[in-house]
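What follows draws every value from the coordinates through simple rules; no lab data is involved. Because the structure is predicted, anything quoted here is derived from the model rather than measured. Positions of Cβ are generated from backbone atoms using ideal geometry, with glycine treated the same way; all protein chains shown enter the neighbour counts.
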Ligand SMILES: [Zn+2]
């Protein structure tokens, strides 16, 4: 498990939920003024008949996108993708240019055989 994932688990009360129909994001820190949801209300504590204030979608249409200020993307996607997301920009550049250099050498070697 990465550090980011562990931190996300430690602060579930700050999880935001995004409406998959229209992109509206429910933020527990803000609540929902239009439907008398006070700030600090967890998504899980919203009434069962709560609907998306923008497109009227039901709660089941929402996906957990994690607390504010963390890595972008859906929580369940964290940890996928060969761990590239945990690399620093410098490490990514080394990987990219290393791959380019290898590809170039491979091309040159093929060219030399002809
Ligand atoms: Zn919506």
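Could you list 21, 109 so that the one with the fewest beta carbons within 10 Å of its beta carbon is first and the one with the most is last? Each step should come with its number before you reach the end.
Working: 21 14, 109 9.
Fewest to most other Cβ atoms nearby, the residues stand as 109, 21.
Does region 12-68 come out rounded, prolate or oblate by the C-alpha gyration tensor, with a ≥ b ≥ c the root eigenvalues, rounded set by a/c under 1.5 and, if not, prolate when a/b is larger than b/c and oblate if not?
Oblate shape, in that a/c is at least 1.5 and b/c is the bigger or equal ratio.
Provide 94, 65, 108 in ascending order of the number of other Cβ atoms located within 10 Å of each residue's Cβ, fewest first.
Details: 94 12, 65 19, 108 9.
Lowest to highest Cβ neighbour count: 108, 94, 65.
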